[in-house]
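The values are calculated or read from the model by the stated rules, or taken from the named source; none is laboratory data. The structure displayed is predicted, hence computed values, not measured ones. We place every Cβ from the backbone using ideal geometry, glycine too, and count neighbours over all the protein chains shown. Accessible surface is based on the protein model in full, side chains and every heavy atom, while ligands, DNA and RNA are left aside. Shrake-Rupley method; radii C 1.70, N 1.55, O 1.52, S 1.80 Å.
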Amino acid sequence: MDVKTNKEIREKVDNADVEIKHKVWIVSYIIIALVCLAVYFLLQFHVFGLLGIYRSLLQRLSLAGFVVFIVFIVTRGVESVVTKHSQTKKQQYNIIRLIRLLSVFAAVFIVVSFLFAKWYTAAVSLGLVSLILGFALQTPISSLIGWFYIVIRTPYRIGDRIQVGDFTGDVVEISYLDTTLWEFHGDYLSNDVPSGRLIRFPNTLVLQSEVYNYSWRKFPFIWNEIPFHIAYESDLEWVEKTIKQVATKELGDDMADAIERFKELVKQTPVDELEIKEYPFVVFRINANTWVEVSVTYLVHPKKASAMRSKLIKAILKELLKEPDRVMFPKGNSR
């Protein structure tokens, strides 16, 4: 109860801090907008006639600045509304990023429009600039397109555990040009706990490589397997029964509910003839080292896989070792 209460308090404090930041930015934008408007009216006085042709340019720039900061004020207001009413932080993150990008595009369009007196001149100039930038910034533009793909198709979200190409990790940030992962497994670890390293790759990679998402919101579980080696003379039926009982006890009822969810998802696909075994299930294989390999397969949340694997190994071995006459493990040099 205390943990839940602390979490709620922390969320309220975070939301209050965000709201204060929005208000500070809005007040700052209002002040700058009023300064731009004041400059525009001041430049109309004849005393500034000494500026010559630059007087008209400065007037247009000041008026453009006023309109741009009005856009920024509206943007911050919309962000505040989204922060208050969004259901999840992941949804809030993507919507706010999209709103900010659109506001930047709008600001660029406004500045270009006010700089050029004629729309034809503005369009030609903008077209030439876009053509030059298109050649010079092919990779960043591709990454921006990749960002739009990520936002619209949502192959992954903040907090998801994914693999893209050779990169594996938990998503901690999705910017306009790249994605940042908190690596798990990695070069220095043999399990799937975070390694402490950050991986940053361009968003264009999601358009060129396969994306594995282990945190699909409809079914955030993966199948895991633990092998054990026993002798041919072991009581295989007793071993299978014991492993199932221990695994069922350790995994609890949540995994039974997960397998039902998995069945419902399969029913919604054309692969309705797929046979789904009741979990956890045990299979036997003949090992090349003249031992029988007994594997238990079960469902687990991807971020809890290592902890659950260790827990099951300890519990299963403890129970099997109680009956050394019914199950025989490799000993000494026979391993």
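Of the residues Ile286, Ile110, ranked by 1.4 Å probe accessible area with the largest first, the sequence reads Ile286, Ile110. The stretch 22-37 and the stretch 307-326 have Cα centres spaced 66 Å apart.
Computed over the stretch 226-268, the range of Cα coordinates on each principal axis works out to 44, 20, 16 Å, biggest value leading. Quick check: pseudo-label points 7 Å beyond the Cα along Cα→Cβ at Lys218 and Ile286, how many nm apart are they? It works out to 4.1 nm between the two label points.
Full-extension gain between Val172 and Leu34, please, as 0.36 nm times their residue separation minus the C-alpha to C-alpha distance. Don't skip to the answer; put the middle values down first.
On the way: separation 138, 0.36 × 138 = 49.68 nm, distance 3.79 nm.
Computed gain between Val172 and Leu34 is 45.9 nm.
Using a 1.4 angstrom probe on the protein heavy atoms only, line up Glu183, Glu19 by accessible area, largest first.
Numbers: Glu183 15, Glu19 40 Å².
Result of the area sort, largest leading: Glu19, Glu183.
Which pairs break 22 Å Cα to Cα here: Lys218/Lys311; Lys241/Lys263; Lys241/Lys304; Lys244/Lys311; Lys21/Lys303? Flagged as over cut-off: Lys218/Lys311; Lys241/Lys263; Lys241/Lys304; Lys21/Lys303.
Given their separation in residues at 0.36 nm each and the Cα-Cα distance between them, Leu101 and Lys249 gain 48.2 nm when the chain is fully extended. The Glu260 and Val27 beta-carbon pair, evaluated with R₀ = 41 Å, returns a calculated FRET efficiency of approximately 0.20.
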